[in-house]
1. Which whole-Hz ³J(HN,Hα) couplings does the stretch B:315-326 yield from phi under the Karplus relation 6.51 cos²θ - 1.76 cosθ + 1.60, θ = phi - 60°, glycine and proline marked x?
2. Which distance in nm do the two modelled labels at residue B:620 and residue A:407 give, with both placed 7 Å along the Cα-to-Cβ direction?
3. For the stretch A:122-139, which residues drop by 30 square angstrom or more in accessible area between the chain on its own and all protein chains together (1.4 Å probe)?
4. Under 8 Å for C-alpha pairs, at least 6 residues apart: give me the relative contact order for the stretch B:771-861, rounded to a whole percent.
5. If you plug each phi of the stretch B:849-866 into the Karplus form 6.51 cos²θ - 1.76 cosθ + 1.60 with θ = phi - 60°, what whole-Hz ³J(HN,Hα) values come out, in order, with x for Gly and Pro?
6. Rank A:439, B:205, B:520 by how far each Cα sits towards the positive end of the charge dipole of the protein assembly as shown (+1 on Lys, Arg Cβ; -1 on Asp, Glu Cβ) and give me just the farthest.
7. Long-range amide H contacts for residue A:418: which residues qualify at under 5 Å (H placed 1.01 Å from N, peptide plane, sequence gap of 5 or more or a different chain)?
8. Using Cα-only point scatterers and the Debye equation, what is log10 of I(q)/I(0) for chain A at each q in 0.06 Å⁻¹, rounded to two decimals?
Amino acid sequence: MKHIKKNALIWLITLFIGSSVMISCVDDFGVGDAFLEKQPGVDVTLDTIFSKAQYAEMFLWETYKYMNNGHSTYNCMNSVMVEALSDVVHSALGWGGVASTYYPGMHSEAGNGNWIRDKFAFIDGSGRKGIWDTVRRCWIFIENIDRVPDMDNAKKSRLKAEAKLLMATRYYDALCNFGGLPLVDHASQTGEDYKGGYLSAVNGEGEFVAGRATVEQTAIFIDNLLQQVIDEPAIPFAVSNYTSEGGRLTKGGAYGMRARLWWYVASPLFNSEQPYRQYDETPVFPVGLGDDVDPLLRVWLGSYKPELWDKCVQACKAFFDANAAAGTPYALVQPQGTTEGDYRRAYRSAYYARETTEKIIEVRGENNGNSDGEYLREWGSNVPGNVSHSGAHAPTVEWFNMFPWADGKNYDGQRVYNTANNENLDVFAGRDPRLYESMLVPQKRVDEKWNTYQNKTIDCWIGGDLITGNWWFTSGYISHGFGEFKFVLDYHDYADERYVWGYLRIADLHLIYAEALAQTGANEAAIQELDKVRARVGLPSLKVNTQLNLSNKDVLINEILRERACELAMENSRLYDLIRYKKQDIFCSPLHRMNIYAKDAQTGEKTTIPFSQMNGVWPNFIYEVEEITSYPRAWWTGNWDDKWLLSPIGRSEINKDYGLSQNPGW
Amino acid sequence: MNIYKSILILSVLFVTTSVYGQQALFDKDSIKADLGFGIEQKLQNTSAAVSIITQEELKQTAAINLAEALYGRLLGLTALKNGGFSGDANYGPSLNVRGLQTLSENNLLILVDGVKRPIDRLSVDEVESVMVLKDAAAVALLGYQGVNGALLIKTKRGGQGNLNVDVSYDHKFTFDPQMADFVDAETYAKSMNEARFNDGLAAAYTEKELALFKNGSDPFFYPNVNWKEEALTNVGSEDRLNMAIHGSNKSLRYFTMMNYTGSKGMFKDTKQPDFDSQLKYSKANIRANLDFAVTPTTNMVVNVLANFIETNEPSSSNANDIIYQIYRLPASAFPIKTPDDVWGGDQNYTNANPVARIQDSGREKTHHRALYADAKLTQKLDFVTNGLTASVRLAYDNYSRINEEHNKSFQYGYVEYAGELGDTSKVNSVVYGDKVNNLTYNKWLGNQWRAAQFALSLDYQKSFADNDIQASLIYNTESEVGMGRYNTFYRSNVMGYMHYGLKQKLMLDLVLAANGSNRSYPEKWAFSPTFSVAYIFANNKEHSVLNYGKVRTSAGIQHSDYVPMNGIWLENYAGSHGNIVFKPSYDGNNWGSALTHYPLTSFALETAYKYNLGVDLRILGSVDVTADAYYNRRDNIMLKANDLNSWVVGRPDLYATQGKVESYGIELGLNYAKRFGKDFLLHSAAYLTLGSNQIVDYIEMPTEEYQSLVGQRVGQSRGLEAVGFFKDEADIANSPEQQFSQVRPGDIKYKDQNNDKVINEDDEIFFGYGGSIPETNFAFNLGAEYKGVGFNVQFQGAAGITKYLGTVGVWDCVKGNNNLSTHYLANAWRPNSDNASAIYPRLTTQDNQNNYRGNTIWNKNLNWTKLRNIEVYYRLPESWMKKIFVSDAKIFVQGENLLTFSNMKVMDPEVLGTSYPVMKGINIGASFKF
């Protein structure tokens, strides 16, 4: 018995020690320090990314995602496009950032980076995307791409140039919204003094200056990046094969951006005898961090510099020359015929579609569950399809009035507003075809596919079948009398046409060229450029407006701005035009809406009868125009402050005391 | 506030003047403090701060699991009630010792028989004692994970006698769920009109429609549904059946047990032809704890617990989901079913209908399997030197949960008049979703983990003259492998323990520990020394006043292996959502697109400096007094350091070990137990703990000085200071501009803290307390027994906590079409009325950024006192029982959660939220020992 017990003990001990070695039967078992090795993982490091051409490319493609796309929620104010701050549309979306915080004048420096509170983010935050992450990715790419073994040098050079141009677009976007910026010239590493600000001299030499560079330095920095792209032989002027390369940045984009950069910098916002606003209290800097720069130079050039307009003219000319030399890969999309429908299709293609000659820089939609965001879906994740029903961007009478008559003469239908319209003027007929692509107005004949509207006549007047038969008409879509049409279309074509955001299209460049020429006194040449854009939609020369003194610079500039609103509004364009020209008067004027009534054929009284009860006879109208009262903008009642022309930088970032200064007034 | 104060004062008075927890005071000589790895110290001699509770007192509750029996039972352990159904994983209170000590992890280590194991599935019946380990000396051997304190649970072991059989059965009726009350359809519709009026919008309902809501004559179009009544029966039940067989003989002591625990929820009409979706929980614990004397010098301990669980709930909606929908849905939302027999629902609420979810979505079952096994072999090595022992311990635990679903989807929709109101010929009938008649079957692995431990120790014990010496050398390794990647942790300890006792009066303890972990890799090892002293200045059972007195103090430097993310030292490029494809397309992933964080190169493990001073007294042979004061300081807390980093660099996350927190407090406990004559027994206990903390260093960029977290508590409540509500437009015009959203009369008016004439984020201040652990905790219990008839009552309370009132439907009302509580409506600012007593802002339908943010209205200081348990029992006289071979028999009635006194009336102050509610319980049961 004793013997058995003793044996049992030995067995027990053996079993214990033995099993403890097997404690984790499948994996290796270490003892002591070796037991505490790091856990297994799948780590992706910089070395992995730049070990293979495919991975490196994926890294850059991902970076492309953060280019400015006015429909991306990164850039929207809680799903509202920034254009809702301009005069072409007014937002009726109560929960949207524009109506809830911007219109009441509630925005503050604390809100930058907040997904509903600012039109552009300086710092990332809850859904808003600043530019810095993208800039860092670009520098990482540029600094590391040479390590990739399976890629030839020409390709590396091309991709580097793309990264530089991508960075330049981000800097340009931020310049428009903030003025001068910290200039980042490399990807910072662990252990660097992060708080130090980044400015070095714009040409890669010179002194280290903390904080924000001046407007001029920032512009030169961007210009320098663009110059490097232009000088790079490996990057093509335009993509040769859209199927495999469509959407990638090109040398043409660099030429175009250069014209656009100097156009923006030369505009009165920065380029003026006086800054757009003085500081109430001059910013105080820590010693050595920003105190050697006049903070006003970060939002202003210091004086009026007319030569900048020449620079813009030269840049435009350089673009068009290079374009011609390359066989004109970029050109206005031209209509197939001369009907209104032809013009409309040409225009729609120009601003909306992929694979056209129009887009010099295009930005792919975000992934919205449908491959790579090729289509805008009615209820997709992209703005505006998900918010337009609620009138997120409901067009105003002001915009409506900007579109000329189809004969090229400026619109003058205002005379019948708020009258009995005894002359029976149909202000919806015979207009610039772009009107119908921009907003939904009553129309008798529609020669397009109108699935949503079931090929009906568009009787979107009060009492019309279209309004009473579709729930969204009553829920804000048509808040101001006209429905949003640009980009949302009829809620059906979405699924058909492959879409892309036109970050820079050639129509814009023609108009930029026109404006720069006008600014430098070449009015005749300016009108020629302008007319090219008008011609695409069948409009004759601006000169048919003989009542206008087009040799007057201001008159011509105003016409160019109006033309830009017809061509480019809702493409992050109109708001910035108002900002560039410091249009306080427009910002401060209340906007208008229209009640459209069909006239009773007999009595001439206003009615609410749908077209279906009119025996096919198109009615006459009565137009009641009134001030918009829902979600009024604070500055309509005299609370304007020029500080609104530039966005505030997040206070928490300025508090880091590395030389940032707030823009004046915030 | 007054109620809480008076109860507190009463309880303290009561205790100090007369009274007493357990039925007899602990025998400090036989009960031992367990410091882990078999190192035990007599309660009388220990220099560590511990408190203990035994089976006897645990059985006074009707708790469904062990954790639920711990409310207010242990001095220094804060147990806070959570919502949820009793079958939910991790059901039970949140447990904490000595408040928040750090900005990183504050969780308690829970050990069952010396091994880190979950507490939620243990039954009260299998537990012998629960001990809370509080100071540095108490947790010195527990490694990184014990740094915040520990709870040590000992299960029962075999004892005296040949063969003992214990049987008990309990049945608990649960009822009266603690839920808020909501308004009816008419009131809701009127309130919606009022909210829209407040917003400057047109009314949503006409008078005619309001009348239809009121008189209920058109229930499909103008419904008035009491969702609570339709979905819930308001009663549930719990059952516990326990059978234990235990005993001992010469070479074997055994305790074996089978415990069944069952619970049933309160969903209504769950029995469908093809399934039953009722909330159900059933669990069997089968335990065998064995002690073998293998040889006279060899002992072996084997503990095995097998744990089988099944739960049942509606498919795709767990208990909390259903309750959430009831909170959210107004009575007027839609009918239960439309005239076309389609479940009610609409575009806004989608398939929220709780009745449909219960009755027509199928059911989901879970099957849990767990095995917890450990064995320890101890060999006396007296042949080497007298008093030397070696032991080896091995533990292996594993768990898995398999989910099994029988699912179907239902259609939902609504009807509305397209023409005139009441014109049934023109009805717009909208239906969403697909109807699926057949249940579809799915199964998946819900969770799994495994853990193993291996420990070796060499122990030496010797007494000579007046000296007692004890020393141990311990080597321990543990592995923990959770579900998914980055969840494998290895830890290891090499420790030396030394104890010196002089004349049973002076005790010195020293622990030198080298703790290792791969979690904090590459900084794996840290050295943690702890020293403690106890001096027993009185120990005389016969003394007329002071029977026992001890002062003890401890100091230790300990560490945590906390890192904010696993693998933080690695450079890691991860993807993010979305991608851009240029043809030829890649496979759609976005692997390696951005650096997630700067890899950390300089490591310092979070360090805890802990001090404790305590006194234990026994007075008059019947009162135990324990008092402790502690001060803890945490250093090198790893924090997100983005504020050290400019956004301009492109912003990968950066971490730095810069946080510092100090925490401090006192614990005071009184226990009284006295027997008067043969038949009368009186006992009582009172506990009070006060504790707070303060952030000493933090990484931040406050705009205003008063916004610095330094000097504030961990989790300190922050927000704007409300100074009332805007009376009218003139009031708004005359007040500083509030920049969150456009304000209207009835919106909250805030104080301009920095006098810059605008109210924005810069005016947020700190106020109140933290939001998770109350700073004041107290408990009081009282019991008496006379001739076998006895009662116990136990109160527990807390104060010094600030919680955010954001519960949907209760405070987050009307906007987003949320439900509306009667409480809110009664206390809201109303247009055109005297709002002097209004507590809450106006009703609104909009996303009102001004009102709905942290402020002194929503962040409310809470306090409560709860009658946790009450018990009345009768021990049947022995003389009767002997005839049927029963040695002990007890029948009892127990109540739980029956009374709450609080400054929060509308909901349970501990469970603000939409989880499955806390219910009251009446338990009846009987136990027999054969």
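The values are calculated or read from the model by the stated rules, or taken from the named source; none is laboratory data. For clarity, every value in this text was computed on a predicted model and none was experimentally measured. Cβ atoms come from the backbone with ideal geometry, glycine included; neighbour counts cover every protein chain shown. Note: accessible area is taken over every heavy atom of the protein model, side chains too, but ligands, DNA and RNA are not part of it. Shrake-Rupley method; radii C 1.70, N 1.55, O 1.52, S 1.80 Å.
1. 5, 6, 9, 7, 4, 5, 4, 4, 5, 4, 5, 5
2. Roughly 11.2 nm, to one decimal.
3. A:124, A:132, A:136, A:137
4. 25 percent.
5. For the stretch B:849-866, the Karplus curve yields 5, 5, 7, 8, 7, x, 7, 6, 8, 7, 8, 10, 6, 10, 8, 7, 9, 10 Hz.
6. My answer, from the dipole projection, is B:520.
7. A:623, A:624, A:625
8. Relative scattering, expressed as log10 I(q)/I(0), comes to -0.38.
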